[in-house]
1. Considering every residue within region 616-630, establish whether at least one is under 25 Å from the mean Cα position of the chain (by Cα), part of a helix (DSSP H, G or I) and surrounded by 24 or more Cβ atoms within 10 Å (Cβ to Cβ).
2. Just name the residue that is least open to solvent (accessible area, probe 1.4 Å) out of those in region 639-673 that are under 16 Å from residue 333 (Cβ atoms) and more than 23 Å from the chain's Cα centre (by Cα).
3. What residue, of 591, 585, is in contact (Cβ under 8 Å) with a residue 40 or more places away in the chain and either among the β-branched types (Val, Ile, Thr) or away from the ligand (no atom under 16 Å from the Cβ) (or both)?
4. Of all residues in region 537-552, which are of a type outside the set (Lys, Arg), at pLDDT 95 or above and out of contact with any strand residue (DSSP E or B) (no Cβ under 6 Å at 6 or more places or on another chain)?
5. Which of (1) touching a helix residue (DSSP H, G or I) at 6+ places or on another chain (Cβ under 9 Å); (2) of a type outside the set (Ser, Thr, Tyr); (3) in contact (Cβ under 8 Å) with a residue 60 or more places away in the chain is the odd one out, the single condition residue 803 does not satisfy?
6. Evaluate the following for residue 248: is it surrounded by fewer than 24 Cβ atoms within 10 Å (Cβ to Cβ) and within 14 Å of the ligand (Cβ to nearest atom)?
7. Return the only residue of 274, 238 being under 21 Å from residue 96 (Cβ atoms) and either away from the ligand (no atom under 16 Å from the Cβ) or surrounded by fewer than 23 Cβ atoms within 10 Å (Cβ to Cβ) (or both).
8. Looking at region 171-188, which of the residues that are within 16 Å of the ligand (Cβ to nearest atom) and out of contact with any Lys or Arg (no Cβ under 8 Å at 6 or more places or on another chain) is farthest from residue 683 (Cα to Cα)?
Amino acid sequence: MTTQIDDLIAAMTLDEKASLTAGATLWYVASIPRLGIPALKVSDGPSGVRGDSMIGRRSLSLPCGTAIGSTWNPELVSRLGDVLAAEAAAKSVNVLLGPTVCIIRTPLAGRTFESYSEDPLLTALLAVAYIQGVQRGGVACCIKHFACNDQEYERMTISAQVDERTLHEIHLVPFEAAVSEASVWALMTAYNKVNGTYCGEQPDLIGRVLRDRWGFDGLVMSDWFGTHSTAPAVQAGLDLEMPGPSAWLGPSLAAAVRAGEVEEAVVDGQVRHLLTLMDRVGILGGAAVQGASPDVVGVGRGAERETNDTWSRQVAREVATEGTVLLVNRQLLPVDPATVRTIAVIGPNAGALAMGGGSSEVTPYRRRRVADALAERFPAAEVVYEEGCRITKHLPTLDLRLLDGEAYQVEYFDNAERAGDPVITEQAYNGRMAWVGLPHSSLTEGGSHSVRVSGRFTPDVSGTWRLGLESAGAAELRIDGELVIDNSRPERGTGFYGAGSTLVETDYPFEAGTASEISIEVWPRKSGWPILGARLAAGRPEVANSFERAVAAAAAADLAVVVVGLNSEWESEGFDRHDLRLPGEQDRLVEAVIAANDRTVVVVNAGSPVDLPWAEQAGAVLMCWYPGEEGADGLADIVVGAAEPGGRLPVTFPYTVGDGATGESARAYPGTDGEVVYEEGVMVGYRHFNTLGIEPRFCFGYGLSYGDFHHGDVHTTSRGIAMEVTNVAARRGTLVLQVYLRAVEPEVVRPDRELIGFRKVVLDPEQTETVEIELDASSFRYWHVDGHAWRTDPGQYQLLIGASSQDIWATADINVGVD
Ligand code: BGC
C-alpha cells in the first residue's frame, strides 16, 4: 500500500494535496474523485456515534467517560468498542472522535464526565481497550485532546503550565499507551496551550514526543476551529485542520508552499498520514469516482442508518450497571419486589436520566422514565412519580415524548415561502434542529429554501405552558393553525453557533390529553445565509406544592427512589461548574425524603463528583453517572438485584473543592492571567489525598458490592502478586482487587501510593478464586527529569493490596535490585 500511497501523492497537484489538509465541511475531508480518493468522514463521540445529522438521527446513547472509568473492566470496554464500531459503520463513519483521556484534575471541569479517571493507569488501560475494540471493527479512533485540556474555563486560549515530570508521569500516560499498545490511528490536538504554545503548533509535543519517542504514524488533526497558523502548525506536525472550509491550511497552505514558507515535502507528509488512515479504515483503493463533484463524494452521504439492535443495547446496559457505584447501603439494596406495594419515584432527573452537554451528546433511541423501568421490575407495585423540584436553568426544549411518534416531521421546500409540495420529508428526533449549508441534499444547490417542522403534541399536564421559539433565520410558530410566536424579524441571540435569535416566549393554555398540531416554519432572512435552525421550548406549568407532594408520596410508599443530579445545562463542554453543590432544592428534597422514608434509595445522575451532604443518612446511594439510554433499566436491574452495582470510583469525592489537588489556589485552578499552573505536580487525585492525609468523602477505588469478600494472605509470584478471595455472601458479588505502590525511600518525592495494577472478579456465593495481578519493571517507574525518560530506582518498595485506595487488606515488601 505504501507504493500506492506514494503513487497517489506523486499524481496529485499541489492544490489537490493542500485540499486534503483541511476539512471540506463540518464532518468530511475533501475528496479527489479523479484519483478515487473519497471524502473521509469523522463523527463525535465518544458516548455514541452521532453521524452528520443536525436534526437528530438516532444512535445508541452510551455511558459517559466516568461511567466507563468506574467499570474497571477493560474486557467489557473492549466489547463497548465493538458496539461503537458497529454504530460507526451504521453511520458510514470512518473516524470516531474519541476517546477523551485527559486526566481529571478538578471535579469542576465541564468535561470531567467525558474523561475516565484521575489515575493515568486506569485511564490508559480503558482507553487501550476502547481503541482496540473500535479499530478491530475497521473504524479509527481519534484520541483527544492532546494535551492537558483539563478545564473549559478559557479553554481556547489558556496555557497549562506543567513541568516535564508531571506531563509524562500523569497527563501523557494514556496517550502514550494508546500509541504504543493500541496503535491508535488518529489524534486530536487540544484547544489550549501547553507551556505557552498552542497544542496544535507544538514541535515538542507532536514532533519529539508523539512522533519520535512514541513512534506515532497516524494522523494529527486539530480540534474544531483550534488551528491558529499555517507554517508553524504544519511544521510542528499538524496534518489536518478541522473543520472546513479551511481558515489556515488548504488553499492557504498551498500559497505558503508557493511563497517558499513551507516545503512541499511537509505537505506530502501530511497527505501520507491521511492516506494511511484512509487505507486503515478500508476506503482507499476504490476506482476513480466518475462524474462526482469534489465536495459531494462523501463515503456515507445519504447512507446513515439507525440500528437499534439488541446486542448493542445489552452491552450498553452492562456498562451502565458495571459503571454504577454503590456508595452507601444500609441493608436496603437489593430490594425484593415481593416486599413492595408502592414505590415513590422522585426527583428532577427521574423523568429521563440526563447526559452531559456538548459534542459528546447523541440523539438516543429512547428516553426512558426511571418510573417505567422500575414498574417493569416491580410488576405488582404501584409506582407514582413526583418531580419534587426543578433544576432547569432555561426554558427546556419540548419533550419529544409528547409528540406522536416522538418525532417532528420535517418538510424541505425549494422556495423560501414553504409553497407547494415539499421536495422531501424526513423525521427529526432532536428538539434542537440545525441545517448548515444546503438544508437537504435533495434540494437545488444555489436556490432558495425553507423548512417546515410539524408534530402532533399531546400535553401531559393541563394549565398554562410557557413556550419559546429560538431560530437561525426567520421563523413562525403556529398551533392548530394560529400564529402563536412571530419570529420573522429575529433579534440576534447566542444559539446556533452565534447565528441564532433570542428566545421569544409566550404563554399558552393546554389541556392534558388534548392533542394540538404544532408547526414551525423556518426560512433564510438573507439569501446565502448558510445556517437555518429551530428550537421550540416548552415549560410545563408549575405543579402546586411539588416539593410537599414528593415528600408525602415518599412517606406513603414502601420504597422511595429519588433521582437527583446535574444535566447538560449544568455540566457541559464549554463551561466549568462553580461548586460541587447539586443545583436547586435537590439537597433539601433528598433530606426531606430520607426523613420521610428510611427505605430511600438516592440515585445520583451526574458526570463528576458532587457534594452529598446527606449521604450518611440515606438508606442507599447509587452513583450512576450519565449512564446512557439503557441506564434507567440498568438501575432497575441493580435495585432488584438482577445486576450487581459493579462500579468503583475512578475519581475521589472530596468534602470540598479546596480539599482537592488544586486546593484553594486560583493559579492552580481556574488560572490567572491566561495561565493555569499545575502546582500539584504529580499529586493528582488520591495521590494528593493520601500523601497529605486529607480525608475524602469517598475515596478513589471505593464501591460496595452485594457480595462480601474474605481474603487470604498475599503472595508474590514470578509474575506479580496473588491473593485468594472468597465471596462469603449469599449473593453474587464483584471485587476489584487493587495494588498500589509505595516507594519506601524514593530518590525523588513520590506519592504515598500509586495504582499499579487491578483485577475485577465476579464470584458466586461461596466461590473462591486466586486473583493474580501481573506487575513488571514498569510498575515501579517514575519520570526522571535529568534523563528525560522513565526510570526505576533500585530499593525497597511496599505493595498495598486492597479493595480501594484506602481499604488496604495486606502489604508486601519488595526489593528491586540493580539491573
Ligand atoms: C470538541 C471536540 C469535538 C469537536 C467536534 C469540539 O468542540 O472539543 O471534542 O470532537 O468539537 O464536534
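The values are calculated or read from the model by the stated rules, or taken from the named source; none is laboratory data. Owing to the predicted nature of the structure, the values given are computational and were not obtained by experimental measurement. Reconstructed Cβ throughout: ideal geometry from the backbone, glycine too, with neighbour counts over all protein chains shown. Quick note on the areas: whole protein, heavy atoms, side chains included, nothing else; ligands and nucleic acids left out. Shrake-Rupley method; radii C 1.70, N 1.55, O 1.52, S 1.80 Å.
1. Restricting attention to region 616-630, the residues satisfying the condition of being under 25 Å from the mean Cα position of the chain (by Cα) are 621-630.
So of that shortlist, the ones also part of a helix (DSSP H, G or I) come out as none.
No.
2. So the first thing to find is which residues in region 639-673 are under 16 Å from residue 333 (Cβ atoms), and the list is 639-647.
Remaining after also requiring more than 23 Å from the chain's Cα centre (by Cα): 639-644.
Details: 639: 2, 640: 24, 641: 21, 642: 66, 643: 21, 644: 27 Å².
Restricting to residues being under 16 Å from residue 333 (Cβ atoms) and more than 23 Å from the chain's Cα centre (by Cα), the top hit is 639.
3. Details: 591 fails: in contact (Cβ under 8 Å) with a residue 40 or more places away in the chain.
From the options 591, 585, the qualifying one is 585.
4. Residues of region 537-552 of a type outside the set (Lys, Arg): 537-539, 541-548, 550-552.
Imposing the further condition that a residue be at pLDDT 95 or above reduces the set to 537-539, 541, 545-548, 550-552.
Passing the criteria: 545, 546, 547, 548, 551, 552.
5. Residue 803 satisfies every listed condition except (1).
6. On the way: surrounded by fewer than 24 Cβ atoms within 10 Å (Cβ to Cβ): yes; within 14 Å of the ligand (Cβ to nearest atom): no.
Considered against the rule, which asks whether it is surrounded by fewer than 24 Cβ atoms within 10 Å (Cβ to Cβ) and within 14 Å of the ligand (Cβ to nearest atom), residue 248 comes out as no.
7. Details: 238 fails: either away from the ligand (no atom under 16 Å from the Cβ) or surrounded by fewer than 23 Cβ atoms within 10 Å (Cβ to Cβ) (or both).
From the options 274, 238, the qualifying one is 274.
8. In the first step, residues of region 171-188 are kept if they are within 16 Å of the ligand (Cβ to nearest atom); the result is 174-175, 178, 184-188.
Okay, now just the ones that are also out of contact with any Lys or Arg (no Cβ under 8 Å at 6 or more places or on another chain), so 174-175, 178, 184, 186.
On the way: 174: 17, 175: 19, 178: 23, 184: 28, 186: 29 Å.
Across region 171-188, the extreme among qualifying residues is 186.
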